[in-house]
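The values are calculated or read from the model by the stated rules, or taken from the named source; none is laboratory data. This one's a predicted model, so the numbers in the text were calculated from it and none came from an experiment. All Cβ positions, even for glycine, are placed from backbone atoms using ideal geometry, and neighbour counts span all protein chains on display. Ligands, DNA and RNA are excluded from the accessible area calculation, which covers all protein heavy atoms including side chains. Shrake-Rupley method; radii C 1.70, N 1.55, O 1.52, S 1.80 Å.
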Amino acid sequence: MKITIVLGTRPEIIKMAPVIRELEKRDAEFFILHTGQHYSYALDRVFFEQLKLPQAKYNLEVGSGSHAEQTGKILIGVEKVLQEESPDIVLVEGDTNSVLATALAASKLYIKVGHVEAGLRSYDRQMPEEINRTLTDHCSDYLFAPTEKAKAILLGEAIPEKKIFVTGNTIVDVVYQNLKIARERDNTLGSLGLHPREYFLVTLHRQENVDNRARFASILEGLDKLAADFELPIICPIHPHSRKRLGEFNLKAPKLTLIEPVDFFDFLQLGSNARLILTDSGGVQEEACILSVPCVTLRDSTERPETIDVGANILAGTSPGNILECTRRMLGKENNWQNPFGDGKAGERIVSIITGGFDD
Ligand code: UD1
Ligand code: UDP
């Protein structure tokens, strides 16, 4: 069986790593197709190097652009490669434009699609990711739901049960596999003048926040107040998208320490030692939960409700008052929840399912 892994952005590289590792271990026939949606070293190559992933056989180099432009280029590029290579199955992970375009291209060529991280819903169609993940689920043949909750959502949308497999989320695998190495590595905290539990970690890049001046300004005001109130540093590895908008909107964040995006080991070290994490990222909400660090989500909805159910996360939206209040509330709780995203063997399960259960 020939397997194609398609990926294009930072979180897809990180979360596909355990699947790729497992395919290598089993000597399976596979290749990686990179769409080139992310191309900066700090959002792309660094993760291949650090997680020791094999080179992509193809890179479509689609780069940045409007949604239609980016999705269209990926659709055309992926179709060409799939026609040339005729794989039996294509695996995608998550909810980016790379994922939707690939699922569309493959399913129309009658190539099976496996969606890793299926069944997530925020029910907010203002988020491009919600459209991408919903449509991808509905043209997939294998839906790898991270939790029973995600499976129930898919069943509620009339997706046949035989296509759905609850595997856990591969983020658990990749965190468990790398946390020790990350902690033993160099002294990330020291080089930034930080001490364990004496700083907040922030990430912010979602379109609905950083492309909207009022929302972006409101979050920055909240974070500034937080730094002043708690007298703690706030460290923010800033996504290039957000850096660009910060400049265009002429916004300032005097109390935030902005640094370049960091590699995965550094992020694990910064995340696992933070007093609390504030984020609008999907993956970072999960990571905080797995690392037993409380999380305040700078959004009005989440497709990761499991993090809230176990008490690891809270939705603050973007108002400065709510950001402060939610932070106080999370800091007043015990961090003794159970990780709801699985046992770290999702990659293994996914590969067993596609290699064992495939109908030729
Ligand atoms: C994309 C995904 C988002 C995901 C995020 C992960 C979509 C619709 N969005 O958002 O779901 O959470 O990746 O990080 O698929 N840029 C660079 N270097 C790069 C890539 C982008 O500087 O390597 C800058 C460019 O200015 C670009 C902007 O970031 O215009 C946005 O990039 P894009 O890929 O469109 O979306 P992300 O914000 O990265
Ligand atoms: N991450 C990283 N360096 C950073 C910020 C995030 O390595 O400076 C990792 C983080 O560990 C997580 C993933 O990026 O696994 C989340 O990706 P991102 O927030 O870009 O996308 P999302 O999950 O929101 O789609």
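What does the helix-only formula give at 222 nm for the chain: each DSSP H stretch with n ≥ 4 adding -39500 (n - 2.57), the total divided by the residues, and the result rounded to the nearest 500 deg cm²/dmol?
-14000 deg cm²/dmol
Can you check what the Kirkwood hydrodynamic radius comes to for the chain, Cα pairs only, in Å to one decimal?
On the way: mean 1/r = 0.0484 Å⁻¹.
The answer is 20.6 Å.
If D186, D137 are ordered by their accessible area, calculated over protein heavy atoms with a 1.4 Å probe, which sequence runs from highest to lowest? The partial results should precede the final answer.
Details: D186 85, D137 0 Å².
So, going from the largest accessible area down, we get D186, D137.
For helix 170-184, what angle does its Cα long axis make with the longest principal axis of the chain, in degrees from 0 to 90 and rounded to 10?
50 degrees
How large is the dipole of the chain about the Cα centre if only Lys and Arg carry +1 and Asp and Glu carry -1, each at its Cβ, rounded to the nearest 20 debye? The partial results should precede the final answer.
Working: 41 positive and 51 negative charges, 109 e Å.
So the magnitude is around 520 debye.
Amide H of L278: which non-local residues (sequence gap of 5 or more, or other chain) have their own amide H closer than 5 Å, using H built in the peptide plane?
Hits under the 5 Å cutoff: L201, V202, T203, V296.
Give the residue from F249, V46, P294 lying farthest towards the positive end of the charge dipole for the chain; charges sit on Cβ (+1 for Lys and Arg, -1 for Asp and Glu) and the dipole is referred to the Cα centre.
Selected residue: F249.
Starting from the 7 Å offset along Cα-to-Cβ, what nm value, one decimal, do you get for the label separation of F249 and Y176?
3.9 nm
Charges at C-beta only: +1 for Lys and Arg, -1 for Asp and Glu. How large is the resulting dipole of region 169-228 about its Cα centre, in Debye rounded to 20? If you can, show how the numbers build up before the last one.
Values: 8 positive and 8 negative charges, 13 e Å.
Charge dipole of region 169-228: 60 debye, to the nearest 20.
Return one number: the angle in degrees, 0 to 90 and rounded to the nearest 10, between the long axis of the Cα atoms of helix 128-138 and the longest principal axis of the Cα atoms of the chain.
The answer is roughly 30 degrees.
Once region 216-360 is represented by equal point scatterers at the alpha-carbon sites, with solvent omitted, what log10 I(q)/I(0) does the Debye formula produce at q = 0.09, 0.13, 0.20, 0.22 Å⁻¹?
Here log10 of I(q) over I(0) equals -0.33, -0.63, -1.29, -1.51.
Project the alpha carbons of region 1-142 onto their principal axes and report the range along each, largest first, in whole Å.
Computed over region 1-142, the largest-to-smallest principal extents equal 40, 35, 26 Å.
Dipole of the chain (Lys/Arg Cβ +1, Asp/Glu Cβ -1, origin at the Cα centre): which of L192, L23, T279 lies farthest to the positive side?
With unit charges placed on the Cβ atoms, the residue in question is L192.
So for the pair Q207, K80, with labels modelled 7 Å out along Cα→Cβ, what separation do we get in nm?
So the label points at Q207 and K80 sit 2.5 nm apart.
Local charge sum around E286 (other residues, Cβ-Cβ under 9 Å, Lys/Arg +1, Asp/Glu -1)? Can you show the working numbers first?
On the way: positive: R304; negative: E287, E306.
With Lys, Arg at +1 and Asp, Glu at -1, the net is -1.
Under 12 Å Cα to Cα from K252, which aspartates and glutamates show up? Leave out anything in the same chain fewer than 8 places away.
Straight-distance partners of K252: E221, D224.
Running Debye on region 256-327 with equal point scatterers at the Cα sites and no solvent, what base-10 log of I(q)/I(0) appears at q = 0.14, 0.22 Å⁻¹?
-0.41, -0.98
How big is the dipole moment of region 293-360 about its Cα centre under a simple scheme where the beta carbon of each Lys and Arg is +1, that of each Asp and Glu is -1, and everything else is neutral? Debye, nearest 20, please.
Using only the charged Cβ atoms, the result is roughly 420 debye.
Be a star and scan region 54-89 for residues whose amide nitrogen sits under 16 Å from the point 7 Å along the Cα-to-Cβ vector of E29.
Residues passing the 16 Å test: 82-89.
For region 59-71, what does the Karplus curve 6.51 cos²θ - 1.76 cosθ + 1.60, with θ = phi - 60°, yield as ³J(HN,Hα) per residue in whole Hz, taken in order and with x for Gly and Pro?
Whole-Hz 3J(HN,Hα) from phi for region 59-71: 9, 6, 6, 6, x, 8, x, 5, 4, 5, 4, 5, 5.
Give me the log10 of I(q) over I(0) for region 282-360 at q = 0.19, 0.21 Å⁻¹, as the Debye formula computes it from C-alpha points; what are the numbers?
Results for region 282-360 at q = 0.19, 0.21 Å⁻¹ read -0.78, -0.89.
Karplus couplings for region 319-327 from phi (6.51 cos²θ - 1.76 cosθ + 1.60, θ = phi - 60°), rounded to Hz, Gly and Pro as x?
7, x, x, 5, 4, 5, 4, 5, 4
Find the Cα radius of gyration of region 70-157, compare it with 2.2 N^0.38 Å by division, and give the number to two decimals. Don't skip to the answer; put the middle values down first.
Details: Rg = 12.7 Å, N = 88, 2.2 N^0.38 = 12.1 Å.
In units of the globular-protein estimate, region 70-157 measures up at 1.05.
Of the listed pairs K25/K52; K108/K162; K112/K151; K2/K52; K244/K333, which have alpha-carbon separations greater than 25 Å here? Walk me through the numbers before you get to the answer.
On the way: K25/K52 13 Å; K108/K162 21 Å; K112/K151 19 Å; K2/K52 21 Å; K244/K333 36 Å.
Pairs exceeding the cut-off: K244/K333.
Provide the three semi-axes, in whole Å and in decreasing order, of the ellipsoid equivalent to region 121-208 as defined by the square roots of 5 times the Cα gyration tensor eigenvalues.
Working: eigenvalues 253, 69, 20 Å².
Taking √(5λ) for each eigenvalue gives 36, 19, 10 Å, largest first.
Rg and Dmax of region 202-270, using alpha carbons, in Å: what are they?
So, for region 202-270, Rg and Dmax equal 12.0, 33 Å respectively.
Counting Lys +1, Arg +1, Asp -1, Glu -1, what net charge surrounds P18 among other residues with beta carbon under 15 Å of its beta carbon? Each step should come with its number before you reach the end.
On the way: positive: K15, R21, K25, R26, K52, K345, R349; negative: E12, E22, E24, E93, E117, D173, E286, E287, D343, E348.
Value of the local net charge: -3.
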